[in-house]
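Novice: I'd like to ask you about the structure that follows.
The values are calculated or read from the model by the stated rules, or taken from the named source; none is laboratory data. These numbers were taken from a predicted model, which means no experiment stands behind them. Cβ: placed from backbone, ideal geometry, glycine included. Neighbour counts: every protein chain shown. The accessibility values were calculated without ligands, DNA or RNA, using every heavy atom of the protein model including side chains. Shrake-Rupley method; radii C 1.70, N 1.55, O 1.52, S 1.80 Å.
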Amino acid sequence: MTSLKHWLDRTGMGSVLLLAVLLIAVFPLCLDLFRLNLVGKYLCYGFVALGLVMLWGYGGVLSLGQGVFFGLGGYGMAMFLKLEASDPITTKIQSTPGIPDFMDWNQLTALPMWWEPFRNLPLTLLLIVGVPTGLAFLIGYAMFKRRVGGVYFAIITQAIALILTVLIIGQQGYTGGVNGMTDLKTLLGWDTRTNSAKYILYFVSVGLLLGAIVLCTWVQKSKLGTLLLAMRDKEDRVRFSGYDVSMFRVFAFCLAAFLSAIGGALFTLQVGFMSPSLVGIVPSIEMVIFAAVGGRMSLVGAVYGALLVNFGKTFFSESFPDLWLFLMAAMFLGVVLAFPEGLAGLYTNKVKPWWRGRLAARRAPAPRRVEPAPAPAQLPVGISSQQT
């Protein structure tokens with residue numbers, strides 16, 4: 001038992017196991033299907049928060065465009081589901097059966113060539129993670145090789161998010177435009193709207209999220225994680241030691257894009273649509289808030305941050321529809337001002353020492369009562385101790 005506790009403390013897996021119990025046992029038993037489905041949607045944002053911990057917390061690079069990679073992964077899955085829903089047998093009412101409905105409405109008569117790979121599920125899964133990761137590599141290599149970082153990199157990624165949003169909306173015949181891709185119901189003939197399907201998709205999201213946490217933990221514990229921290233704090237010293245700092249940043253950026261794309265694909269499966277409103281500047285900034293509230297140095301904290309912020313958004317919008325934006329801003333400012341290191345910092349600096357102090361006080365043995373030594377016998381007056 002002692003060795004297990006030592007291993008959990010050394011590897012940091014104790015908090016991961018606690019999160020796993022919460023997601024696998026507590027939430028499914030305590031929440032109804034509607035709320036559980038909402039939690040599953042929130043966990044999709046948890047992938048983006050994990051990527052930001054690796055990129056921003058460990059790599060020291062702030063990206064305000066993670067919605068780009070989240071959206072690309074979501075649109076990749078949506079394209080496959082839309083093509084399945086556009087089967088010629090079920091689209092006889094269209095003037096051109098076999099193409100998505102929004103293409104038919106925009107007078108397109110043939111499926112574009114770049115849509116064809118998304119008819120195959122294995123190839124689609126490869127493209128879902130490959131396209132965002134490849135785009136992140138191109139952007140990161142172009143920027144970091146020229147030592148573009150800090151606020152300049154954040155602004156550039158924000159501009160890329162805006163450009164992609166305008167492109168998606170402008171190419172309505174190919175992307176669905178401002179409405180996005182909707183009416184996504186089946187995956188290889190499996191109806192994703194049934195209750196059993198919602199449970200399955202929830203547990204798939206939980207399993208992949210826990211796997212992503214283990215992967216990121218392994219990276220943090222490796223030499224690569226140590227170099228990322230050193231690069232964040234003393235970039236010049238790492239460069240003078242002979243390491244290519246730019247490629248380490250490219251790796252962190254690609255890893256964040258990879259995780260974000262997985263989250264976007266799972267979001268499309270659970271919600272049943274994908275739109276440009278999930279790609280632009282506002283959702284990208286919200287994704288940074290998830291990591292900031294949870295703690296940008298904590299993987300588990302980032303997941304809790306995504307859950308807390310999205311739960312707050314849902315609760316405030318339901319209870320205070322006119323004030324929910326102000327309440328969300330107040331919650332974010334309150335957490336950041338009161339706990340600069342996020343929820344993870346609150347646990348590490350306050351809760352954990354207090355709890356360990358209480359445990360140590362309980363386990364400490366009770367002080368033994370020491371009996372006073374007997375007083376020496378007094379001799380009669382006039383007789384010394386030497387005479388005796």
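Novice: Under 1.5 on a/c is rounded, so check that first for region 197-251, then, if it is not, pick prolate when a/b is larger than b/c and oblate when it is not; a ≥ b ≥ c are the square roots of the alpha carbon gyration tensor eigenvalues.
Specialist: Verdict is prolate for region 197-251.
Novice: How many angstrom separate the Cα center of region 324-343 from the Cα center of region 145-203?
Specialist: Distance between centres, Cα-based: 27 Å.
Novice: Can you report the principal axis dimensions of region 137-209 using only the alpha carbons, biggest first, rounded to whole angstrom?
Specialist: Each principal axis gives a Cα extent; for region 137-209 these are 50, 35, 19 Å.
Novice: Of Tyr304, Tyr141, which has the most accessible area and how do the rest follow, probe 1.4 Å?
Specialist: Reading off the accessible areas and sorting them downward yields Tyr141, Tyr304.
Novice: Between Met13 and Leu162, what's the calculated FRET efficiency when r is the beta-carbon distance and R0 is 45 Å? Round to 0.05.
Specialist: 0.70
Novice: Placing unit charges on C-beta atoms (Lys and Arg positive, Asp and Glu negative, everything else neutral), compute the dipole magnitude of region 155-293 about its Cα centre in debye, rounded to 20.
Specialist: 320 debye
Novice: Once the whole set of protein chains is in place, how much accessible area is left on Ile156, using a 1.4 Å probe, in Å² to the nearest 10?
Specialist: Accessible area, nearest 10 Å²: 60 Å².
Novice: While we're on this one: Tell me whether region 44-83 comes out rounded, prolate or oblate; compute the Cα gyration tensor, take square roots of the eigenvalues as a ≥ b ≥ c, and use a/c under 1.5 as the rounded threshold.
Specialist: Since a/c reaches 1.5 and a/b is larger than b/c, the shape of region 44-83 is classed as prolate.
Novice: Now a separate question. Return, for the Cα atoms of region 197-330, the radius of gyration and Dmax in Å, separated by a comma.
Specialist: 17.8, 56
Novice: Ordering Thr133, Thr268, Thr226 from largest to smallest accessible area (1.4 angstrom probe), what's the sequence?
Specialist: So the residues, ranked largest to smallest area, are Thr226, Thr133, Thr268.
Novice: Starting from the amide H of Thr186, placed 1.01 Å from N in the peptide plane, find each other amide H under 5 Å away whose residue is 5 or more places distant or on another chain.
Specialist: Those lying under 5 Å, H to H, from Thr186 are Thr192.
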